[in-house]
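Inspection log for the structure reproduced underneath, given as structure tokens.
The values are calculated or read from the model by the stated rules, or taken from the named source; none is laboratory data. Model, not experiment: these values are computed from the prediction. Here the Cβ positions follow ideal geometry from the backbone for every residue, glycine too, while neighbour counts run over all protein chains shown.
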Amino acid sequence: MKIKTSKFIITVAESDKILETNLKEVAFVGRSNAGKSSLINALTNKNALAKTSSTPGKTKHINYFLINDEFYIVDLPGYGYHNASKADEQRWTQLIEDYLLKSKRLTCVFVLMDIRHKPSLLDKQMLTFLHYYSVPFVIIATKADKLSKSQRFNYAHSLANAVGLTGRDVIISSSQQKFGMEQILEKCDQFLGQDGLDE
Ligand SMILES: Nc1nc2c(ncn2[C@@H]2O[C@H](COP(=O)(O)OP(=O)(O)O)[C@@H](O)[C@H]2O)c(=O)[nH]1
Ligand SMILES: [Mg+2]
């Protein structure tokens, strides 16, 4: 797939406003600062489609982007922002979970993890949640440009092992140097070509 057009559609801050879309969706989730917005910008070749920030915790809402007039990319709130209050963190977690359970046309969730970091407890809880509700997911190891080429596979491998997968299950990516993009778009093709979860 090639992304030809992309446009921001809407920001949703409350569970009862989650869209009932008529097109399929792929969602991006991960720790605050994992690189979700940067990846969406890299995939769509736009510098500021999704807002990126070096201040973690800024994206607290759900953002919908329409791609090729064919499907939606959905940017979910980042979890695990260390300066957030318990109440805020709980609210974002609830919003993420409500999105994942309510979105009937969701086909796949990309779970982003910084390639240099061990999966956090929240990452593991997210994967357990996705397993439990049988939501298909793919792990993306982000910011791989920060490692040497020889280190990348080893880091991706240990990240995968930590969550019971193998290195081959993880897409190694860099939004900055734009690698891994084709693999991600291939996965989109694959999942968008299948029926939705509840269809
Ligand atoms: N070196 C490098 N930095 C990145 C990459 N992707 C994101 N970042 C940086 O990581 C920080 C958080 O990125 P952002 O996309 O806002 O993360 P989000 O909170 O998950 O949406 C920003 O300072 C980005 O510039 C990447 O591929 N390589
Ligand atoms: Mg963001």
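Observations on the model:
- In the set Val12, Val26, only one residue is at pLDDT 95 or above, among the β-branched types (Val, Ile, Thr) and closer than 27 Å to Gly193 by Cβ; that residue is Val26.
- Residues within region 1-51 that are farther than 23 Å from Asp69 by Cβ and under 14 Å from the mean Cα position of the chain (by Cα), tallied: 8
- The number of residues in region 16-47 that are among the small types (Gly, Ala, Ser), within 7 Å of ligand 1 (Cβ to nearest atom) and on the phi < 0 side of the Ramachandran plot comes to 4.
- Restricting attention to region 19-38, the residues that are in a loop (DSSP other than H, G, I, E, B) and either more than 16 Å from Thr107 (Cβ to Cβ) or not hydrophobic (A, V, I, L, M, F, W, C) (or both) total 7.
- Residue selection: Val163 satisfies the criterion of being in contact with a Leu (Cβ under 6 Å, 6 or more places away or on another chain) and closer than 27 Å to Thr93 by Cβ.
- Of all residues in region 77-106, those satisfying the criterion of being crowded, with 23+ Cβ neighbours inside 10 Å and within 24 Å of Leu159 (Cα to Cα) are Pro77, Gly78.
- Residue within region 45-57 that is within 16 Å of ligand 2 (Cβ to nearest atom), in a strand (DSSP E or B), buried (at least 18 other Cβ atoms within 10 Å of the Cβ) and in contact (Cβ under 8 Å) with a residue 24 or more places away in the chain present: no
- Note on region 1-15: residues that are among the polar types (S, T, N, Q) and away from ligand 1 (no atom under 16 Å from the Cβ) total 2.
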